Amino acid sequence: MNSLDLGTALSLTYAWIKAAHVIFVIFWIAGLFLLPRYYIYHQEAPAGSPEEKKWIEREAKLRNIIITPAMLLVWTFGLILASTIGAWSQGWFHVKLLLVVLLSGYHGYMVSYGKKLARGERPASGKALRIMNEIPGIATALIVILVIVKPF
Ligand code: HEM
């Protein structure tokens, strides 16, 4: 393989990894949009009712099958991309990383909130959950601007 072929192969691999990154970003964020919605409906169901049991199952499935694996894959592919292009020294990447760390914290909070709900606790009001539900949308808008426009 001469150097031109190697370059082409590397950039193709990079493109595939980026595609995988964005696919799992979509799964992760879609799940993060949905999970607090489920919690809102869950909290409207009477405690101990069969309806509440169904919400507990749906929430656990969404967390364990979609959002947690998707988050881990987004991180894995994202860190590979960052190492490949040497993003560590770029301003946009520092801010993106900070936002993604905060979003991962939000993810962790929402996972632990679901476990509390399953134990019969209801720590936040429906209104508070609706307000928190705005966080992934705002984070996504800022992250996409940073990664595409790269303003600094
Ligand atoms: C979890 C940690 C993450 C890391 C380490 C990371 C890192 C990266 C890197 C280095 C790139 C390549 C940029 C380029 O080729 O110019 C990239 C692309 C991208 N990332 Fe992430 N990312 C992460 C999470 C996210 C999240 C949460 C979102 C959206 C909410 C996101 C959205 C995107 C998009 C849309 C692209 C493609 C941009 C393009 O077309 O060049 N990433 N990511």
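Read-outs: derived from the displayed coordinates by stated rules, not from any lab. As the structure is a computational prediction, the values presented were derived from the model and not from experiment. Backbone-built Cβ (ideal geometry, glycine too); neighbour counts: all protein chains shown.
Please indicate, with yes or no, whether at least one residue in segment 46-59 is without any contact (Cβ under 8 Å) to a residue 24 or more places away in the chain, among the acidic types (Asp, Glu) and touching a Pro at 6+ places or on another chain (Cβ under 8 Å).
Within segment 46-59 (the criterion being without any contact (Cβ under 8 Å) to a residue 24 or more places away in the chain, among the acidic types (Asp, Glu) and touching a Pro at 6+ places or on another chain (Cβ under 8 Å)), the answer is yes, since at least one residue qualifies.
If you scan segment 1-48, which residues turn out to be of a type in the set (Val, Ile, Thr) and more than 17 Å from residue 64 (Cα to Cα)?
Scanning segment 1-48 gives 8, 13, 17, 22, 23, 40.
Kindly indicate whether residue 16 is surrounded by 14 or more Cβ atoms within 10 Å (Cβ to Cβ) and either under 15 Å from residue 76 (Cα atoms) or among the polar types (S, T, N, Q) (or both).
The answer is no for residue 16.
For segment 1-41, what are the residues that are out of contact with any helix residue (DSSP H, G or I) (no Cβ under 8 Å at 6 or more places or on another chain) and more than 16 Å from the ligand (Cβ to nearest atom)?
Across segment 1-41, the qualifying residues are 2, 3, 4, 5, 6, 8, 9, 37.
Quick one: which residue in 57, 44 is within 20 Å of residue 134 (Cβ to Cβ) and loosely packed, with under 13 Cβ neighbours inside 10 Å?
44
From the list 88, 75, which residue is of a type in the set (Phe, Trp, Tyr), out of contact with any helix residue (DSSP H, G or I) (no Cβ under 6 Å at 6 or more places or on another chain) and within 22 Å of residue 149 (Cβ to Cβ)?
Within the list 88, 75, the selection yields 88.
What are the residue pairs meeting all of these: first residue in segment 131-145, first residue free of Cβ contacts under 8 Å to residues at least 60 places away in the same chain, second residue among the β-branched types (Val, Ile, Thr) and in a helix (DSSP H, G or I), Cβ atoms under 7 Å, and 6 or more apart or on different chains?
That search, which allows pairs on different chains as well, returns 143/100.
Look through segment 98-130, keep the residues that are over 13 Å from the mean Cα position of the chain (by Cα) and aliphatic (A, V, I, L, M), and return whichever of them is farthest from residue 149 (Cα to Cα).
Residue satisfying both the conditions and the ranking: 118.
Would it be correct to say that residue 114 is over 21 Å from residue 24 (Cβ atoms) and more than 9 Å from the ligand (Cβ to nearest atom)?
In short, no.
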